[in-house]
Amino acid sequence: MRRRELLQGFVGLLIGSAAMKSNADTVQPLKKSDADWKKTLPPERYAILFEEDTERSGTSPLNHEKRQGTFICAACYLPLFPSDKKFESGTGWPSFFDVIPGHVATKRDFKLILPRTEYHCARCGGHQGHVFEDGPQPTGLRYCNNGLALEFVPQGKDLPPLRS
């Protein structure tokens with residue numbers, strides 16, 4: 001099986017498992033081919049979302065986004081973070097201390113030898129970033145996100161329909 005198909009299967013398992021919070025929304029996995037995602041997304045977004053690349057620190061305009069609203073997956077448009085969960089981490093990437101329940105799935109990542117927790121959009125499997133245990137209270141978590149993996153929708157503007 002290709003890596004993408006394995007990831008989609010993994011996300012599907014997580015959505016139905018106890019690994020998600022008990023009050024989680026029900027998110028139906030989106031099955032879309034790599035070729036379709038490549039047609040839909042600019043190359044730099046595709047590389048981050050579906051090849052688990054990382055953008056350079058300090059390059060995202062979302063680092064400076066302070067308005068009320070919602071941060072959504074740049075691939076499928078699933079809402080991932082409300083703006084009131086964003087904080088300045090000093091890392092150069094948009095950071096959040098909590099997610100919309102059930103909208104992200106996690107897995108262990110050993111790419112840098114030491115284990116990290118990688119998180120993805122629970123709907124499309126798009127790679128968002130890594131979560132660390134050095135964030136502010138009340139969760140103590142820091143979801144360190146690639147800005148290109150997100151879009152911001154200001155409060156008062158309608159969220160786009162989920163991509164199919």
Out of the range 49-77, which residues are in a loop (DSSP other than H, G, I, E, B), at negative phi and under 16 Å from the mean Cα position of the chain (by Cα)? Asp53, Thr54, Glu55, Ser60, Ala74, Ala75, Cys76
Can Ile100 be described as of a type in the set (A, V, I, L, M), open to solvent by 20 Å² or more (accessible area, probe 1.4 Å) and either closer than 22 Å to Val153 by Cβ or modelled with pLDDT of 95 or more (or both)? yes
Can you tell me which condition Leu7 does not meet? The list is (1) of a type outside the set (Val, Ile, Thr); (2) at negative phi; (3) at pLDDT 95 or above; (4) surrounded by 15 or more Cβ atoms within 10 Å (Cβ to Cβ), and all the others hold. (3)
For the range 70-79, check the following and say yes or no: at least one residue is touching a His at 6+ places or on another chain (Cβ under 7 Å), of a type outside the set (Ser, Thr, Tyr) and modelled with pLDDT of 95 or more. yes
Test: Val99 is touching a residue at least 12 places away in the same chain (Cβ under 8 Å), over 22 Å from Asp34 (Cα atoms) and not in a loop (DSSP other than H, G, I, E, B): no
Scan the range 11-19 and tell me whether some residue there is at pLDDT 90 or above, on the phi < 0 side of the Ramachandran plot, open to solvent by 40 Å² or more (accessible area, probe 1.4 Å) and not hydrophobic (A, V, I, L, M, F, W, C). no
Top-ranked residue of the range 144-164 - restricted to ones that are open to solvent by less than 20 Å² (accessible area, probe 1.4 Å) and in contact with a strand residue (DSSP E or B) (Cβ under 9 Å, 6 or more places away or on another chain), ranked as farthest from Asp53 (Cα to Cα): Val153
Starting from residues that are of a type in the set (A, V, I, L, M, F, W, C) and without any contact (Cβ under 8 Å) to a residue 60 or more places away in the chain, keep the ones in the range 38-86 and report whichever is nearest to Leu159 (Cα to Cα). Leu41
Residue under question is Tyr46, and the condition is that it be part of a loop (DSSP other than H, G, I, E, B) and among the aromatic types (Phe, Trp, Tyr); does it hold? no
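The values are calculated or read from the model by the stated rules, or taken from the named source; none is laboratory data. Note that the coordinates shown come from a computational prediction; the quantities given were computed from them, not determined experimentally. Because the Cβ atoms are built from the backbone with ideal geometry, glycine has one as well, and the counts that use them run over all protein chains shown. Accessible surface areas use protein heavy atoms only, side chains included; no ligands, DNA or RNA. Shrake-Rupley method; radii C 1.70, N 1.55, O 1.52, S 1.80 Å.
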